[in-house]
Amino acid sequence: MSQAPRVYFFGTCLIDLIFPQAGLAAMRLLRREGLEVIYPQGQTCCGQPAYNSGYDAAARAVARQQLAAFPEDCPILVPSASCAGMMKVQYPKLFAGTADEERALHLAARVHELTDYLARVLDWRRPDLGPPLKVVLHHSCSARREMGVSGAAADLLARLTNLEVVEPDHAHECCGFGGTFAVKQPEISAAMAADKAAAILATGARVLVGQDCGCLLNLGGTLAHRYPQSWEGVGSGVGAGSGPGFGAGSGTNVASGPGSAFASGCGPGSGAQAAQGAAADTGSGLTAKGLTAKGLTAKGLTASPRTLDPQAPVVKHIAELLWERTHAP
C-alpha cells in the first residue's frame, strides 16, 4: 500500500488567533484529497510585520524559526497569499548573502498559496451540495500582485455549480488593511475600507469570501462598525449545525474522513495520527499553535445573532466555503 503524499501546512497568525475554522477547513480539504497534512509545532509568525517595518534583523530571527520548522522536501501550503508571498518572494531577499541563504531558497521553492495548489496542482473538483447562493469575491493585493494567484480563487468558486460569484466595484483596489499600514495610517486605511465595504454591500451578496484573513478581518470589522444592524458576523464556522460567529459553539470538528494526520515530520515514518474519524473535536484539539476555536469567546469575539438586513454578507475564508459546500455531514 503506497503512503499518502505529505504536505506541510503553515497556519498563519490570523488563522491561529482569529480564524481557526479556516485552517481546519483547509486541512480537511487537503486530507480528503488523499494528502497527509503535517502541522509543525515549532512554526510561528512568518516575520512579515517586522520586515515591512524595516526591522530586517528581527524579521530574520523570526523567519529562521520557519526555516527550522519546515526542513523536509515537502510542499508548504499557506492559506494566505500575504504570508506565502513573504516566505516565497521575500525570504530569498531577506537571507541573501547570509549563512541561511540556501535554506531560505529551499523553503521558498516549496511554498504554495492554498487556492493555487488546490486549483493547479490537485485540480480540485467536487460536487456542489449547497443551495443556490450569491457570493462576492475579494482578492487581496498579495494574491493579485505579489503571488499572482488571484485567478485560482475565482477558478475554484466557478467549479461550484450552485454559486453565483460576483466582484465588487473597483475590485482591484486595496481594502485598506496592508498589515502595519492599517496601524500606521489608520485614517487612510479606514477610508479605503469604508469604500470597499460599501461596494461589497452594493452587490447584494450573502457571503464575502477571500483568501487572506487580514483583508477579511479588516472588512468584517468595518462592516460591523459601519453597518451594525445588518451584520451577521465574521466566520460562520464549519460543519453541520454551525451558526454565525466565533467561539466553541461554531460547530467545527477535526476530521470526518478516514483519519486526520498531523505529523511532526515529513520523512517516511515520521508522522503520527492525531485522531481517527470524527472523534477529534477541535474544541480541545489541534494545539500546535493554539489552532482551536476554544477560548475565543473569552476575548469578546463572539458575534451575537440579530435581525439581518438582506444585503449583509457573512465573511468566510474560501477554504470554509469550499468545505461547507462539498462536505456531506
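The values are calculated or read from the model by the stated rules, or taken from the named source; none is laboratory data. A quick note: this is a predicted structure, and the numbers were derived from the prediction, not measured. Positions of Cβ are backbone-derived with ideal geometry, glycine not excepted, and every protein chain shown enters the neighbour counts.
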Selection from segment 69-82 of residues that are of a type in the set (A, V, I, L, M) and assigned to a helix (DSSP H, G or I): 69, 81
Within segment 150-165, track down each residue that is surrounded by fewer than 15 Cβ atoms within 10 Å (Cβ to Cβ) and within 13 Å of residue 205 (Cβ to Cβ). 164
Restricting to segment 296-329, and then to whatever is among the β-branched types (Val, Ile, Thr) and surrounded by 15 or more Cβ atoms within 10 Å (Cβ to Cβ), can you tell me which residue is modelled with the lowest pLDDT? 297
If I go through segment 83-113 residue by residue, how many of them are over 29 Å from residue 154 (Cβ atoms), part of a helix (DSSP H, G or I) and touching an Asp or Glu at 6+ places or on another chain (Cβ under 9 Å)? 2
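Each row is one residue, and each column tells you yes or no for (1) modelled with pLDDT of 95 or more; (2) closer than 18 Å to residue 178 by Cβ; (3) not charged (D, E, K, R).
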{"site": "7", "(1), (2), (3)": "yes, no, yes"}
{"site": "12", "(1), (2), (3)": "yes, yes, yes"}
{"site": "37", "(1), (2), (3)": "yes, no, yes"}
{"site": "65", "(1), (2), (3)": "yes, no, yes"}
{"site": "81", "(1), (2), (3)": "no, yes, yes"}
{"site": "95", "(1), (2), (3)": "yes, no, yes"}
For segment 172-192, give me each residue that is surrounded by fewer than 16 Cβ atoms within 10 Å (Cβ to Cβ) and within 20 Å of residue 318 (Cβ to Cβ). 172, 173
I'm told residue 91 meets every condition in (1) farther than 25 Å from residue 31 by Cα; (2) buried (at least 24 other Cβ atoms within 10 Å of the Cβ); (3) modelled with pLDDT under 95 except one. Can you identify the failing condition by its number? (3)
For the subset of segment 36-56 comprising residues that are touching a Cys at 6+ places or on another chain (Cβ under 9 Å) and among the polar types (S, T, N, Q), which member is farthest from residue 93 (Cα to Cα)? 44
Residue ID - farthest from residue 209 (Cα to Cα), chosen from residues in segment 45-88 that are surrounded by fewer than 17 Cβ atoms within 10 Å (Cβ to Cβ) and among the hydroxyl-bearing types (Ser, Thr, Tyr): 55
Looking for something of a type in the set (Lys, Arg), over 17 Å from residue 217 (Cβ atoms) and in a helix (DSSP H, G or I) - is there at least one such residue anywhere in segment 52-68? yes
Selected residue (criterion: surrounded by the fewest Cβ atoms within 10 Å (Cβ to Cβ)) from residues of segment 102-149 that are free of Cβ contacts under 8 Å to residues at least 40 places away in the same chain, touching a helix residue (DSSP H, G or I) at 6+ places or on another chain (Cβ under 6 Å) and small (Gly, Ala, Ser): 108
Of (1) in contact with a Leu (Cβ under 9 Å, 6 or more places away or on another chain); (2) closer than 18 Å to residue 81 by Cα, residue 166 satisfies every one except (2)
